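In what follows, a single structure is set out as structure tokens and then discussed.
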Amino acid sequence: MFNDYGELLTVEEACEALRIGHNTIYELLNSGKLKGYRCGRVWKIPRLAIEQYVLEQAKLAK
């Protein structure tokens, strides 16, 4: 689904992939709706977490 990206995405890459703004990404990360982790001050978001989020939002996840 998001094969053009590496295994870990930055906030900027996640914004581009999901076509949403920075504030929305940070809201999703801080609420736990989108899984990711912080490495210092930088968020790292697994590509698998992005795919899972999209499937859940589309009601396709089991």
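The values are calculated or read from the model by the stated rules, or taken from the named source; none is laboratory data. Quantities reported herein were computed from a predicted structural model and do not represent experimental measurements. Note: ideal-geometry Cβ built from the backbone for every residue, glycine included; neighbour counts use all protein chains shown.
Restricting the search to the range 36-45, which residues are surrounded by 14 or more Cβ atoms within 10 Å (Cβ to Cβ) and either within 21 Å of Ala58 (Cα to Cα) or of a type in the set (Val, Ile, Thr) (or both)?
Gly36, Ile45
Out of the residues in the range 35-49 meeting the condition of being under 13 Å from Thr10 (Cβ atoms) and in a loop (DSSP other than H, G, I, E, B), tell me which one is nearest to the chain's Cα centre (by Cα).
So the residue we want is Gly36.
Could you tell me which numbered condition Val42 fails, if it satisfies all but one of (1) touching a residue at least 40 places away in the same chain (Cβ under 8 Å); (2) in contact with a helix residue (DSSP H, G or I) (Cβ under 9 Å, 6 or more places away or on another chain); (3) not polar (S, T, N, Q)?
Unmet condition: (1).
In the set Lys62, Lys35, which member is modelled with pLDDT of 95 or more and of a type in the set (Lys, Arg)?
Details: Lys62 fails: modelled with pLDDT of 95 or more.
One residue alone meets the criteria, Lys35.
Restricting the search to the range 1-35, which residues are touching a residue at least 12 places away in the same chain (Cβ under 8 Å), small (Gly, Ala, Ser) and closer than 17 Å to Glu56 by Cα?
Those that are touching a residue at least 12 places away in the same chain (Cβ under 8 Å), small (Gly, Ala, Ser) and closer than 17 Å to Glu56 by Cα: Ala14, Ala17.
Among (1) in a helix (DSSP H, G or I); (2) over 10 Å from the mean Cα position of the chain (by Cα), where does Glu13 come up short?
(2)
Quick check on my filter: what residues within the range 2-33 are exposed (fewer than 11 other Cβ atoms within 10 Å of the Cβ) and either in contact with a strand residue (DSSP E or B) (Cβ under 7 Å, 6 or more places away or on another chain) or within 16 Å of Gln52 (Cβ to Cβ) (or both)?
Asn3, Glu7, Ser31, Gly32 - these are the residues of the range 2-33 that are exposed (fewer than 11 other Cβ atoms within 10 Å of the Cβ) and either in contact with a strand residue (DSSP E or B) (Cβ under 7 Å, 6 or more places away or on another chain) or within 16 Å of Gln52 (Cβ to Cβ) (or both).
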